[in-house]
Amino acid sequence: MPKKTKLRQLELPLEFRASEFVSHAHIAFDGRLIGYTIKRSRRRGSITLTIDERGLRVGVPWHATHGAIESELRKHETWIVRKLAQWEERRAPPRRWQDGEALMLLGEPLRLTLAPGLQATVSDGERLLVGMGALSRSDDIARTVIAWLREQALACFRARIAHYVPQLLVRPPETRLSEARTRWGSCHPAGRVHLNWRLIQMPLRLVDYVVVHELSHLREMNHSPRFWRTVASIIPDYAARRKEIRTEGHRYLLA
Ligand SMILES: [Zn+2]
């Protein structure tokens, strides 16, 4: 059983379910160590590779050997290295909450500008003037800016909902902001719509897609063809917008 022992050392178990086993391993490409997630599944028949903002994930059949996984990875080395680099490029730099930093509001850049002496937080269209000095703690600045973004978000989302409600012939829902890191919106059967405040950083056409998606759930509480027809009746190019949120949305999850 030497193989099994070797496997255990290479794979750091992260999660175990009866039909799935998730672990972590590394491979060296050209002297560079690349970490990846292995998902073993009893249902899977072949090895599949996925690369996105979470990195490289490999889906493998339950009994696949580590050798088989590594040789599959080597076969696709060029593709893996290129894809990972593309995602790396797309990743927005971490927020530092400093004077001069670029923020986003409805897809337009807004320069964070510290303005000691100013009482409120205001935007002149190009800058977001924050009444704090350069010596302020970055988490105080963050809190102030996020509070301002949330205010803009709620006002914008309410206006967009008011705009689309008559078109969809639904009852105006109660609107709340959400904090979720993994979803942009949700709809509750009681007639409540939750929208992620971080959406306010995206262009309005993407905000509108999420708004119309959630409002459409007030008519169809599922993702049936009828639901998508409802969305398409308001936003004919919804598929392109949905894809854009999938590929670009992670940029806006930082704050
Ligand atoms: Zn949905």
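All of the numbers you see were taken from the coordinates with simple rules; none came from a lab. Just so it is clear, the model here is predicted, and its values are computed rather than measured. Glycine gets a Cβ as well: all are built from the backbone with ideal geometry, and neighbour counts include every protein chain shown.
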- Item | In degrees, nearest ten, helix 66-75 long axis to first principal axis of the chain (Cα) | 60
- Query: Gaussian network model of the chain, Cα springs within a sub-10 Å range: biggest mean-square fluctuation belongs to which of Trp79, Trp87, Trp184?
  - Reply: Trp79
- the chain - percent relative contact order, Cα under 8 Å, separation 6 or more: 11
- Filter the GluC sites (Glu not before Pro) in region 136-185 to those in DSSP coil with at most 15 other Cβ atoms within 10 Å of their Cβ, and list the result. Glu179
- Item | Eligible aspartates and glutamates near Lys75 by straight Cα distance, threshold 14 Å, same-chain separation 8 or greater | Asp30
- Query: Helix 204-216 versus the longest principal axis of the chain: what is the Cα-based angle in degrees, 0 to 90, to the nearest 10?
  - Reply: 80
- Looking at the chain, what % of its DSSP beta bridges pair antiparallel, to the nearest 5? 65
- Task: With everything on Cα atoms, drop me the angle between helix 225-234 and the longest principal axis of the chain, reported from 0 to 90° to the nearest 10.
- Result: 40
- Item | Convex hull projection area averaged over all views, the chain, Cα basis, nm² | 18.4
- Task: Please find, in a Gaussian network model of the chain (springs between Cα atoms separated by less than 10 Å), the residue of Tyr238, Tyr36, Tyr209 whose mean-square fluctuation is greatest.
- Result: Tyr36
- List, in order, the whole-Hz ³J(HN,Hα) value for each residue of region 175-190 obtained from phi through the Karplus relation with A = 6.51, B = -1.76, C = 1.60 and θ = phi - 60°; use x for Gly and Pro. 10, 10, 8, 10, 10, 3, 8, 10, 9, 8, x, 8, 10, 10, x, 5
- In region 184-232, which trypsin sites (Lys or Arg not before Pro) fall in coil by DSSP and have 16 or fewer other Cβ atoms within 10 Å? Arg219
- Candidates Lys39, Lys75, Lys243, ranked by Gaussian network fluctuation over the chain, Cα under 10 Å, top entry: Lys75
- Sparse-neighbourhood loop hits (trypsin sites (Lys or Arg not before Pro), region 96-179; DSSP loop; Cβ within 10 Å at most 13 others) -> Arg96, Arg137
- When we measure straight from the Cα of Lys243, which aspartates and glutamates land under 17 angstrom away, once same-chain ones fewer than 8 places off are left out? Asp52, Glu53, Asp208, Glu214
